[in-house]
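Structure, as structure tokens:
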Amino acid sequence: MDSLCRGTLLAGRSVNYAHLRNGYWDQRFIEAGSWGFPELRELFQNVGFLSSEHLCKVDISKRKTLEVAAFLHKDDSNSEGLGNVADVSTSTLYAPALVISRGCNSAGIDECNSSIAGRMLGRGCICFVGVSCNATAQNTLTEVAFALQTSNARPGYAICFQQSYGAFSR
């Protein structure tokens with residue numbers, strides 16, 4: 001039953017993404033974990049996002065909802081938790097956000113019964129980008145892809161994989 005509920009939520013939010021945008025959360029992003037994410041911060045601000053907020057697990061667990069369009073994470077991780085941010089028991093609800101994690105094994109959905117990627121998608125996020133093993137080379141490729149997509153963009157015009165996926169554009 002849990003998988004059916006999560007799947008329905010994910011499908012509903014993905015299909016209605018444009019209707020859910022309200023001028024508040026869709027202009028905000030956070031950096032999460034111990035180290036922040038300076039490599040992507042400027043790219044998001046370049047395309048019109050407001051200044052980021054840096055949150056850790058204590059901050060996130062106190063909130064009933066987290067209303068941001070992008071969730072940038074960089075810290076030690078595993079398949080059941082994003083380091084110093086959230087784990088499979090975190091009850092926070094998320095706006096339809098893109099999650100990018102540079103933590104090792106953050107997308108290791110085949111290594112446990114309940115993964116952090118599945119949990120975040122089931123609590124409202126609409127995209128999870130991470131690695132499924134203990135390696136960081138894939139993260140460099142993700143950052144390069146974001147840089148190529150956003151380096152020449154006008155503020156407020158385009159963000160992240162617009163031509164490829166079309167679901168996350170401004």
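Coordinate-derived values only; no laboratory data. Worth saying up front: this structure is predicted, and the values here are computed from it rather than measured. In this analysis, Cβ positions are derived from the backbone assuming ideal geometry, glycine residues included, and neighbour counts consider all displayed protein chains.
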Treating only the Cβ atoms of Lys and Arg (+1) and Asp and Glu (-1) as charged, compute the dipole magnitude of segment 1-96 about its Cα centre; round to the nearest 20 debye.
-> 360 debye
Calculate, axis by axis, the spread of Cα positions in segment 1-126 along the three principal axes, and write the results as whole Å, longest axis first.
-> 39, 34, 24
